[in-house]
Each structure stands twice: as structure tokens, then as C-alpha cells.
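Notes follow once the structure below has been shown.
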Amino acid sequence: MLDRVFRDEWGRVLAALVGHFGDFEVAEDAAQDAFAIAAERWPGDGAPDNPGAWLMMTARNRAVDRLRRERTLERKTRQLELPEPVELTLEEPVIPDERLELVFTCCHPALGTEAQVALTLRALGGLTTAEIARAFMVAEETMKRRLSRARTKIKAAGIPFEVPADRVLPGRLGTVLAVVYLIFNQGYGDGRVDLADEAIRLGRVLVDLMPDEPEAAALLALMLLHDARRDARVRDGEIVLLHEQDRALWSAEQIAAGRALLDRAIALRGRGPYTVQAAIAAEQVETPIDWPAVVALYGRLGELTGSPVVALNRAVAVAEVEGPGAALAIVDALEIGDYRYLHSTRAELLRRLGDHDAARGAYQRALALTVTDAERRFLERRLREL
């Protein structure tokens with residue numbers, strides 16, 4: 001039960017604490033203390049009627065106790081005097097809410113891009129340092145130092161906890177969209193439904209906040225079109241590839257909403273990477289899929305991003321048009337290190353070409369790198385079939 005509460009409440013509790021105290025370190029330590037106390041007490045005492053409010057009050061009191069002990073400033077102590085603890089009701093806030101403010105704080109231009117993304121994944125998604133390090137393909141200790149420097153810089157630079165003024169929003173939007181999409185991918189890829197849902201919720205907030213920004217609408221379209229296939233992606237605890245998915249399990253409502261948002265982005269003259277990705281996702285829910293169009297769209301996306309991961313995805317589409325040999329030539333030219341999908345894609349292409357020995361080695365490499373049970377079961381089955 002506590003795991004579910006953590007997924008549901010971590011971002012909200014931390015955002016409220018950062019907004020109240022203006023200090024990431026104090027807020028994060030207090031939130032962690034509150035969840036630790038809950039883990040100790042709730043199994044015996046039972047969970048409170050409003051777990052979020054209990055966690056918020058406990059964390060806030062822990063933060064106040066810490067600041068009073070440190071006696072940093074008499075003025076700060078006076079400001080932090082609180083009434084006796086009461087049962088709070090956490091209402092869904094109006095736009096913009098504290099979690100969106102937290103995203104914009106983490107995405108301040110004074111921070112480097114990687115620090116922005118990593119800090120948001122930690123703060124909003126509650127991902128561990130090890131999980132974030134894995135997403136960036138760096139050592140855990142390296143990521144720990146990055147997060148620490150980012151928190152210190154926010155405090156030292158006095159970066160405000162707020163959604164910026166209208167004139168500043170467009171310049172910050174690109175980073176915020178990238179972070180929201182990374183949160184979605186982390187949740188969608190690793191089976192963290194809470195993270196995927198939170199990213200979609202933030203996407204809706206951004207569209208409402210900036211209705212004339214085509215890339216905001218396109219990102220929301222992209223997430224909805226992917227999420228529409230959520231129930232069909234896993235069967236009997238195993239990943240199901242796109243062409244094997246039961247389309248009856250796809251959400252027609254989300255697909256329709258995604259297509260409408262894509263049309264809106266195009267009408268707003270959207271030509272950016274999220275518009276192109278949403279167009280690819282829209283093609284992938286068509287029957288049949290127009291694979292030459294998907295290849296062309298991935299080519300355009302590659303021009304916009306220069307990303308080797310995009311080139312890998314294009315190779316998958318090329319396999320459907322020109323065959324696995326042409327796709328394998330693309331994959332073998334990529335340098336993405338220990339990116340698990342590089343090895344699993346290569347294994348699939350080798351399997352289709354009949355090179356079972358090489359395929360077996362690639363599957364084993366992918367299996368050693370995978371982090372989800374559903375992917376592990378899929379790869380193990382492929383190995384057994386070989």
C-alpha cells in the first residue's frame with residue numbers, strides 16, 4: 001500500500017514543501033523522513049484516512065524541526081511557525097499547480113540540460129539516483145554528484161519556485177517538454193503507470209497554459225497515442241511487439257484525442273520534433289501501417305534531432321520496407337554503447353535473417369541490460385525459441 005501512496009503522493013508532497021520552504025535539500029529530506037515514518041507506523045497502526053495530508057503534515061513538521069535546530073536565521077524561524085497539526089485535505093490545485101512550478105524550477109536555464117532532466121525525474125517522479133543514472137547511462141556516483149550540484153545551484157542562485165511570466169514561457173518550453181516526455185517514457189517503458197499518468201496530466205496543464213504552442217499539443221498527442229496501447233503491450237507478464245498486439249485492447253478514446261491534438265498542432269504550423277513523433281505514433285495505430293511514411297517521418301525526425309536512438313527506430317521501420325538486412329546495416333553503424341534496445345533490435349533482425357548464433361549473443365546482451373520483468377520474459381522466450 002505504501003508503494004502506491006509513494007507513487008501517488010511523492011511529487012505532490014515534495015512540490016508543496018519546496019514551495020513552502022524554498023530549499024530542495026530540506027524538502028527532500030523531510031519528504032523522505034515522512035515516508036520512512038509511514039513505513040514504520042502504518043503497518044501496525046493502519047493508514048490514515050487521508051495519506052497525502054498525513055504525509056504532508058509530517059514532512060512539514062520534520063522540516064520545521066530541522067530548521068529550528070539549525071537556527072539558521074531567527075527571521076526564518078518566525079516565518080516557519082505553524083499551527084498545531086490538523087488533518088489537511090489535498091485538493092487538486094488550479095492551473096498552474098505546484099508540480100508544474102516544480103518542473104519549471106528544475107528546468108531553469110541556470111542549470112545544465114542533463115541536470116534539469118535528472119532533477120525533475122528525482123523531484124517529480126521520485127526515481128532513485130540509480131534509476132536516473134541508468135536512464136542517462138552513467139555511473140550512480142556521477143549522477144549523485146550532478147543532483148547535488150543542481151540542488152546547490154538552485155539555492156545559491158535564488159531560483160524562484162514559480163511558473164515564469166508569459167514572456168519567458170516560450171524560451172523555457174523546450175526543456176520542460178523534454179522533461180515531461182522523459183518522465184512519460186520512464187513510466188511507460190518500465191511499467192510505472194503513475195509516472196506515465198503524471199506526465200500526461202502535466203501535458204494537459206501545459207496545453208491549457210499555452211494553447212497556441214503547437215509542440216505542447218503535439219507532445220500531449222504523442223503521449224496519448226502511445227498510452228492508448230498500454231493494455232495491449234503486456235500479455236501474461238511479457239512484452240508484446242506492436243504487430244502482435246490485440247488492437248481491441250487499444251483505447252479508441254485516447255487515439256481519437258491524440259489525433260485531434262495532432263491536427264491542432266499541424267494547424268498551428270507545428271514542424272518540430274514532437275509534431276513529427278506524434279505523426280509517427282498516429283501512423284502506427286492505422287490499419288495497415290504505412291511503413292514507407294513511417295520511414296520518411298523518422299528520417300525527418302533524425303534531421304531535427306541528430307539522435308542515434310531515432311536512427312535505431314528508423315531501422316525498425318526500414319526492416320518492414322526493405323527487409324532486415326538493410327535495417328541491420330543501419331543498426332551496426334550506430335554507436336549507443338550499452339543501450340539495451342540496440343541489442344534487442346539487433347537480435348530481432350539477426351533472428352529474421354536466420355543467423356541464430358549471432359542473434360543468441362545479442363539477445364543475451366540485451367537480457368543482461370534489461371531492467372523490467374516484462375522485457376526479461378520476452379527476451380528469455382526468444383532465447384528458448386532459438
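Each value in this text was obtained by applying a stated rule to the coordinates, not by laboratory testing. Since this is a predicted model, take the numbers as computed values, not measurements. Here the Cβ is made from the backbone with ideal geometry for all residues, glycine too, and neighbour counts use every protein chain on show.
A cut-off of 5 Å between modelled amide H atoms, ignoring neighbours fewer than 5 places along the same chain, links Arg235 with Val240. Counting neighbouring beta carbons within 10 Å and listing from fewest to most, the residues Leu268, Leu222 come out as Leu268, Leu222. Where only DSSP H runs of four or more residues are counted, the chain gives -23000 deg cm²/dmol as its mean residue ellipticity at 222 nm, each run worth -39500 (n - 2.57).
Judged by the ratio a/c of the largest to the smallest principal axis of the C-alpha gyration tensor, segment 290-386 counts as prolate, that ratio being 1.5 or greater while a/b is larger than b/c. From least to most packed, judged by other beta carbons within 10 angstrom and beginning with the fewest, Thr275, Thr128, Thr175 follow the order Thr128, Thr175, Thr275. Fewest-first ordering of Leu241, Leu195, Leu328 by other beta carbons within 10 Å of each residue's beta carbon gives Leu241, Leu328, Leu195.
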